[in-house]
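Quick notes on the structure that follows.
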């Protein structure tokens, strides 16, 4: 009997996978980059062949192997210097509405690396994710709205199952498009001042990319490690962060509506 295998490349959904494995805690290391004298202390991960990320006190770095001078005094990093286990990339596009609702968009790629057809995709979500997802819309790359079944799973997670109308054949990849709307996600403190909090607490190592769009005319307090981009009258706040497994770090964005 063939074993069904597929690879899910997470491009942008806040979710906790049902597949569990050993998680080893990452350790900070001292890194010297080309053109720098003083070492940078932080978490080092290899995200692809000869491509690294380094997270240090709110500052995020991406660089190639040739830019790496030393790690803990050694010319090349030891495997023990790098965080271990799988590194999942999560990217969010969040559109904040004037009433405090937040529209969240994501893409999910499902690649079939086995020999059988893939006819459904399953993952897990925490209770707070389900409570905040007041609407849940999933479509395939052909625009078909997909039926979603949500049921209690293991370890306090909910199991989400999506049936695919067009099966994924071996060596094929299908992209699922997901949209959620969180009601009252942003909180008003009066005088047009608002705060929007995302509670980071991932069960595995995570490369977390965010792009937040605000209503026109909004004044945004830019946190350390983030950057603001204004174009065509639209306001975007961006960030890249690496979080070792089980890091608890609420990300709070303060802003003022016009």
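Of all residues in the stretch 170-199, those being more than 14 Å from residue 140 (Cβ to Cβ) and outside any strand (DSSP E or B) number 7.
Within the stretch 89-105, restricting attention to residues that are surrounded by fewer than 18 Cβ atoms within 10 Å (Cβ to Cβ) and either in a strand (DSSP E or B) or not assigned by TED's automatic domain parsing to the domain that holds residue 243 (or both), the residue that is modelled with the lowest pLDDT is 89.
For the stretch 194-235, what are the residues that are under 19 Å from residue 89 (Cβ atoms) and at pLDDT 95 or above? Correct list: 211, 212.
Tell me whether the stretch 148-163 contains one or more residues that are within 30 Å of residue 217 (Cα to Cα), touching a residue at least 24 places away in the same chain (Cβ under 8 Å), touching a helix residue (DSSP H, G or I) at 6+ places or on another chain (Cβ under 7 Å) and buried (at least 17 other Cβ atoms within 10 Å of the Cβ). No, the conditions are met nowhere in the stretch 148-163. Residues of the stretch 168-185 that are at pLDDT 90 or above and surrounded by 19 or more Cβ atoms within 10 Å (Cβ to Cβ): 185 alone. What do you reckon, is residue 109 part of a strand (DSSP E or B), within 24 Å of residue 212 (Cβ to Cβ), at pLDDT 75 or above and assigned by TED's automatic domain parsing to the domain that holds residue 183? It is false that residue 109 is part of a strand (DSSP E or B), within 24 Å of residue 212 (Cβ to Cβ), at pLDDT 75 or above and assigned by TED's automatic domain parsing to the domain that holds residue 183.
The values are calculated or read from the model by the stated rules, or taken from the named source; none is laboratory data. The model shown is predicted, which means the values in this text are computed figures rather than measured ones. With ideal geometry, Cβ positions are generated from the backbone for all residues, glycine too; neighbour counts draw on all protein chains shown.
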